[in-house]
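What follows draws every value from the coordinates through simple rules; no lab data is involved. As the structure is a prediction and not an experimental result, all values here were calculated from the model. As a convention, Cβ positions derive from the backbone with ideal geometry for all residues, glycine included, and neighbour counts pool all protein chains shown.
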């Protein structure tokens, strides 16, 4: 629920609230990589929108590394994942963040 509230806050340009809600989402994500990647991607986008370029880039790199090393990919060749929707949301948010944050 915190992830959704953070996304809603981001879309409403409430970047401080976005970071706060995604902090709650990170605390609740446990060892599940997909919600962690999604939360970090949203934090990175909020940081970028708030003018925190270095912080946003660092947060994006963290999210990309977690996605690369711990999150299963979606492919028609891989077995159905029970949390496929979480993986899809994380992947979409990570792509959006990467498109918004200069390298």
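Between residue 103 and residue 8, what FRET efficiency follows from the Cβ-Cβ distance if R0 is 22 Å, with the result rounded to 0.05?
0.20
Rounded to the nearest 10 degrees, what's the angle between the helix 84-100 long axis and the longest principal axis of the chain, both from Cα atoms, 0 to 90?
40
With an 8 Å cut-off on Cα pairs and a minimum separation of 6 or more residues, tell me the relative contact order of the chain in percent.
27
Beyond 15 Å, what share of the Cα-Cα pairs of the chain remains, rounded to the nearest whole percent?
57
For 40, 11, what ranking results if the residue with the fewest other Cβ atoms within 10 Å of its Cβ goes first?
Details: 40 27, 11 9.
Listed from fewest to most nearby Cβ atoms, that is 11, 40.
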